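To start, the structure under review is shown below, and the notes come after it.
The values are calculated or read from the model by the stated rules, or taken from the named source; none is laboratory data. Here the structure is a predicted model, which is why all the values come from computation and not from measurement. Every residue, glycine among them, receives a Cβ derived from its backbone with ideal geometry; neighbour counts consider all protein chains shown. Ligands, DNA and RNA are stripped out before the accessible areas are found, and what is left, the full protein with its side chains, is counted by its heavy atoms. Shrake-Rupley method; radii C 1.70, N 1.55, O 1.52, S 1.80 Å.
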Amino acid sequence: MRATIPPRSAWRGRGLVCSVLLLAGCQWQSAAFAPDRADVDAVRQVIAPVAVPMTRHRTAPAPRQDDLWARIRADFQLDHHLEQSRVQQELRWLQRHPSYLPRLQERLQRYLPYIHAQVSARGLPGELALLPIVESALDPYAFSHGGAAGLWQFIPTTATRFGLQRDWWFDARRDPVLATEAALAYLTYLHGLFDDWSLAVAGYNAGEGNVSRAVRRSGGQSTFWALALPRETRAYVPRLLALAAVVANPEAYGLVLPELSADPGFMTVDTGSQFDLARAAAALDVDLDTLYEWNPALNQWATPPAGPHRLHVPADLGEAAETRLQTVPRSERVAWQRIKVASGDTLIHLARRHRTDLDTLKRINGISGSSIRVGQALLIPSPGRAAGDPMLARQVSDGNYQVKPGDSLWSIAQAHGVSVASLVKANRVGPKEVLQVGQQITVPGMTSVMTAQAGARDVTRVVRYGVRRGDSLFRIASRFNVAVRDIAQWNALDVDRLLQPGQELVIHVNVVGGE
């Protein structure tokens, strides 16, 4: 869903580096789900056409009361255009990959009940509830080379347009509630603009401007099937319609849908203020991992200071969840706060202002000297947190980094979000000094401390990036916040050789790094 259209990957799953902390098991790369393949005529020479039923419904046994698929079917409103060759092509792909939807069962159960409930509450076509499957395979951490993120794949500009917060603490594009609200608002707007759901869905993919121009160029042929749209969009709408056709009548295609309950898997509770997730987990008597799994929008160890002051928690916790959180005194909800150094600040003044001691302040932030700079981010322990506190002790001990083979000051700085100059100053080394394997490097600032937290946010996804004219390894590394040497290693590249336009690179991106 973009204003401009960086090409999406195909429906086919690709290998991902999975977060052991947050997601159990390896998951497919999300984006669209059909592989690149030849045009329809070429496909027909190889694959015999399937028998595509021309009716969308048939008599079936009465569904269970809580059967989610039955509820989605009941809200279907669109013509699935089964006579269209592009829809048949996508149906053939689904038939050749019968395990596709069953492999998504855990994600489907996690998010689809909520998404469908919101679609249904607005009176929108039930088919729209399936759109995040096409967009992201329902992976909240899905990330495209064009910068789209979340279940609904918002790019930054469209996220800003629809009020989705993105900062160091929080990325609302990954929040299942906020992103769904924004996506349905956008789709409703697009339908009002085009008065046609196929064009609205096309506009969600290609941008309303591209669809509007295609309509104007068509000479009055305003149906989706008659428009000259980008190749990706020409396949995008048929993918949704093919998926809806399978959900409407899976037996007709020899497919079995995974069993899904309509019961919501999560509920949203008000926290009233910023909350350390470790403290929230203790109050709720759940694993910390569980809170991170249900709150993929969080970039850091706590909810944002300025909100939203809420958490998604497992539905089975019931109404008592909010009461449990409210019983934690506000003064005990966060062990530290993050500030930025202002003009005139010194470590001594900051320690006094925040009622802590200088040694604790320096050790938490990995500062060996006494100098700080304007704009530098520091962690400040809450009043009364002593240097011997177990939580602070754990953070302090993790302020050092042990050099590994291939490391340099530049790569360490990139990995921890600090400058080379700060590493040089903190460790009293030369900017081009060769580091020794096993050497201990002090990393100033808070990023290394955050990584040491039990709730560290490190979720990696594989992005396939097509090299563009003028690209260099340094430019690409800067765009994705990774090291040049890592890109070279992932792709077996010689760093001294020029990249070629059209060359495809594999890049492992931590998608929760914050803004």
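Summary of values
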{"quantity": "Shape call, the range 156-289: gyration tensor on alpha carbons, a/c limit 1.5", "calculated": "oblate"}
{"quantity": "The range 74-149 - Rg over Rh from alpha carbon coordinates, Kirkwood radius", "calculated": "0.99"}
{"quantity": "Heavy-atom SASA rank of GLU322, GLU332 (probe 1.4 Å, accessible area, largest first)", "calculated": "GLU332, GLU322"}
{"quantity": "³J(HN,Hα) computed for each position of the range 342-355 - Karplus, 6.51 cos²θ - 1.76 cosθ + 1.60, integer Hz, glycine/proline x", "calculated": "9, 4, x, 5, 10, 4, 5, 5, 5, 4, 5, 4, 9, 6"}
{"quantity": "Solvent-accessible ranking of THR323, THR303, largest area first, probe 1.4 Å", "calculated": "THR323, THR303"}
{"quantity": "Apportionment of accessible area to carbon and sulfur, the range 141-251, percent (1.4 Å)", "calculated": "51"}
{"quantity": "Distance (nanometres) between label positions extended 7 Å along Cα→Cβ at HIS349 and ARG217", "calculated": "6.0"}
{"quantity": "Charge tally in the Cβ shell below 12 Å around LEU350, where Lys, Arg are +1 and Asp, Glu are -1, LEU350 excluded", "calculated": "+3"}
{"quantity": "Prolate/oblate/rounded label for the range 264-342 (Cα gyration tensor, a/c 1.5)", "calculated": "prolate"}
{"quantity": "FRET E, pair GLN105, THR323, Förster distance 45 Å, beta-carbon r, rounded to 0.05", "calculated": "0.85"}
{"quantity": "Extended-chain gain in nm, criterion 0.36 nm per residue less alpha-carbon gap, ALA70 and ASP359", "calculated": "97.8 nm"}
{"quantity": "ASP79 versus ASP287: modelled label distance in nm, points set 7 Å from Cα along the beta carbon direction", "calculated": "5.0"}
{"quantity": "Tensor-based shape of the range 130-234 (alpha-carbon gyration tensor, a/c under 1.5 rounded, otherwise prolate or oblate)", "calculated": "prolate"}
{"quantity": "1.4 Å probe accessible area per residue over the range 106-215, in Å²", "calculated": "25"}
{"quantity": "Using θ = phi - 60° and Karplus 6.51 cos²θ - 1.76 cosθ + 1.60, couplings along the range 322-339 (whole Hz; Gly, Pro as x)", "calculated": "5, 4, 4, 5, 5, 6, 7, x, 4, 5, 10, 7, 10, 7, 7, 10, 9, 10"}
{"quantity": "R0 of 25 Å, Cβ-Cβ distance LEU493-VAL437: FRET efficiency to nearest 0.05", "calculated": "0.60"}
{"quantity": "Pairwise label distance in nanometres, ARG469 with TYR189, each label 7 Å out on the Cα-Cβ vector", "calculated": "3.3"}
